[in-house]
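The values are calculated or read from the model by the stated rules, or taken from the named source; none is laboratory data. Since the model is a prediction, treat every value here as computed from it, not as a measurement. Cβ atoms come from the backbone with ideal geometry, glycine included; neighbour counts cover every protein chain shown.
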Amino acid sequence: MAIAGTPSTTMRQLPMSLASRHVAVIGAGAAGLVTARELRREGLSVVVFEQGDQVGGTWVYTPRVESDPLGLGSIRATVHSSLYRSLRTNLPRECMGFRDYPFVSRDGPDGDPRRFPGHREVLMYLKDFAREFGIAELVRLETEVVHVGLVEDSKWKVISRKSGSDEAGVDEIFDAVVVCNGHFTEPRVAEIPGISKWPGKQIHSHNYRVPEPFRDQVVVLIGSSASGLDISREIAAVAKEVHIAARTFVDGTLGKQAGYDNLWLHPMIESVRDDGTVYFLDGSFILADVILHCTGYKYHFAFLETDGYVTVDDNRVGPLYKHIFPPVLAPWLSFVGLPWKVIPFRMFELQSKWIAGVLSNRLMLPSQKEMMEDVEDFYSSLEVSGTPKRYTHSLFDYQFEYNDWLTSQCGCPADEEWRKEMFYSCVKNLFARPESYRDEWEDHHLLLQAHEDFIQYTL
Ligand code: FAD
């Protein structure tokens, strides 16, 4: 998929008076932290709002789960993180880190030196990053943003309050808002014919933490993403049977999975019945106790009021120029972190560099009309290629082209070749060794190149 042609952004000098713009960043996960750094590097004044009691976002593991295991209901008390206790990264740490702050192993007894470390190591890395760049002092912890809306002069009113309280919020006016609220909290659940009368339990992976509740159960797990892969294996160690239902699968892989006597791969569920039976599309069926939805997440911006200029339609957030700026509201509203199937932190770094450069007037956006035409061309290209709307922000192969475009706008160095190659070698390894890709690999030459590169930032 090619990036639709756009008029190139041009550089111009920043008039000093514009450098005092006041910007609200919503969220202090990886996206919010790096955005705050980039905004401040451009001389802008920044406040980061974070509803949690620490920075790190998704990487703040909690054993808590929501009262509804499916995570449905718009006014439920949400738990932000979807991490399970045993989670290790699914990308090698060399790929994951920000470019000038490599994710190398930490000294000390609490470090996890593995190449695919546990979740705590990532949280520690993000906290170190916040400390190193003085971001922590910009963050207002336990401060939930409940409303962001346009006011006169294209400014934004941000209403926030102490998290968990129902006190009246505090109003503040900002010149610009960057939304970094994360997109792995609002479960997407599979639609299954007959489900309203099916007597078993249902849970979404958002509320999965440990395998124990599945002991001796017959589990149908929907989805074959990285989480589905991990969780199915973990549950198989205690469950009676685990049956994965997958929308897509490699020919010849259906049936009992090698190395397990209680794990099967099936095509998608066709329907379920009130006697507890689950039917698969190939006609096979089983009697199951639980359906576990590892079916991903939906974009959700409960606090954001844009007068209809930005909508979420079938998981397309739009219209957005390059997944970031709504043309009519640009550059005063922007989003970091919407694209998925990417190397997240590096992409956040580039998106936020671009936003910061534009907000400080060092970089210029095309006209509103040109941005809108670009978005329309992009949507047409998706339609022509048969890509469903809900995959609008799924980049995968196109991510490096996207990053290269961003680096060309920002005038910063392009992604390192080793990072690109390492991403693909990791994906290949995952398919070749789904059980052991985190501990066995062949891309030693790329590891060497990465560490040679890191010397300039870590010495
Ligand atoms: P988040 O980390 O979710 O941060 C958003 C922040 O915004 C949170 O702190 C939240 O509390 C705050 N917030 C939200 N709404 C409000 C509000 N109204 N007011 C105030 N604060 C608010 N990525 C990798 O690179 N490698 C991996 O191995 C990997 N594994 C993953 C495994 C799982 C199960 C999941 C769910 C994701 C994984 N990811 C992985 C992707 C991961 O989400 C990204 O790496 C990244 O951490 C996302 O950062 P973010 O800042 O966009 O969102």
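Quick notes
- Of all residues in the stretch 321-342, those satisfying the criterion of being more than 23 Å from Gly149 (Cα to Cα) and either surrounded by 23 or more Cβ atoms within 10 Å (Cβ to Cβ) or not β-branched (Val, Ile, Thr) (or both) are Pro339, Trp340, Lys341.
- Candidates Glu66, Glu38 - the one that is part of a loop (DSSP other than H, G, I, E, B) and touching a residue at least 40 places away in the same chain (Cβ under 8 Å): Glu66
- When Val238, Val179, Val210 are checked against the criterion of being closer than 30 Å to Ala36 by Cβ, of a type in the set (Val, Ile, Thr) and either surrounded by fewer than 18 Cβ atoms within 10 Å (Cβ to Cβ) or within 11 Å of the ligand (Cβ to nearest atom) (or both), a single residue qualifies: Val179.
- The set of residues from the stretch 151-193 being more than 26 Å from the chain's Cα centre (by Cα) and of a type in the set (Gly, Ala, Ser) comprises Ser154, Ser165, Ala168, Gly169.
- Just so you know, in the stretch 51-66 the residues that are of a type in the set (Val, Ile, Thr) and surrounded by 18 or more Cβ atoms within 10 Å (Cβ to Cβ) include one that is nearest to the ligand (Cβ to nearest atom), and it is Thr58.
- When every residue of the stretch 84-100 is checked against the conditions, at least one turns out to be more than 26 Å from Glu421 (Cβ to Cβ), in contact (Cβ under 8 Å) with a residue 40 or more places away in the chain and either within 9 Å of the ligand (Cβ to nearest atom) or among the β-branched types (Val, Ile, Thr) (or both).
- Search result, residues across the stretch 343-361 that are more than 12 Å from the ligand (Cβ to nearest atom) and either in a loop (DSSP other than H, G, I, E, B) or polar (S, T, N, Q) (or both): Ser360, Asn361
- Among (1) surrounded by 14 or more Cβ atoms within 10 Å (Cβ to Cβ); (2) under 30 Å from Gln399 (Cβ atoms), the one test that Pro113 misses: (1)
Quick grid of which residues meet (1) at positive phi; (2) modelled with pLDDT of 95 or more; (3) part of a helix (DSSP H, G or I):
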site	(1), (2), (3)
Glu383	no, yes, yes
Glu401	no, yes, yes
Gln409	no, yes, yes
Trp418	no, yes, yes
Tyr424	no, yes, yes
Tyr437	no, yes, no
His445	no, yes, yes
Gln449	no, yes, yes
Gln456	no, no, yes
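- Cβ separations smaller than 8 Å between residues 6+ apart or across chains give the following pairs from the stretch 142-158 residues that are away from the ligand (no atom under 13 Å from the Cβ) to residues that are aromatic (Phe, Trp, Tyr) and outside any strand (DSSP E or B): Ser154/Trp332; Lys155/Trp332; Trp156/Trp332.
- Residue in the stretch 41-50 that is within 14 Å of the ligand (Cβ to nearest atom) and assigned to a loop (DSSP other than H, G, I, E, B) present: yes
- The stretch 155-250 holds strands (runs of 3 or more DSSP E) entirely within its bounds, and those carrying 1 or more residues that are more than 24 Å from Phe280 (Cβ to Cβ) map to 155-162, 170-174, 176-179.
- Test: Thr295 is away from the ligand (no atom under 16 Å from the Cβ), in contact with a strand residue (DSSP E or B) (Cβ under 9 Å, 6 or more places away or on another chain) and not in a strand (DSSP E or B): no
- Residue within the stretch 321-329 that is at pLDDT 95 or above, touching a Cys at 6+ places or on another chain (Cβ under 6 Å), under 25 Å from Phe396 (Cβ atoms) and of a type in the set (A, V, I, L, M) present: no
- Residues of the stretch 272-304 that turn out to be closer than 30 Å to Ser160 by Cβ and surrounded by fewer than 14 Cβ atoms within 10 Å (Cβ to Cβ), as a count: 1
- In the condition set (1) within 30 Å of Ser74 (Cβ to Cβ); (2) in contact (Cβ under 8 Å) with a residue 60 or more places away in the chain; (3) more than 16 Å from the ligand (Cβ to nearest atom), Pro326 is compliant with all but (2).
- Each residue in the stretch 9-42 was checked for being modelled with pLDDT of 95 or more and surrounded by fewer than 20 Cβ atoms within 10 Å (Cβ to Cβ), and 3 pass.
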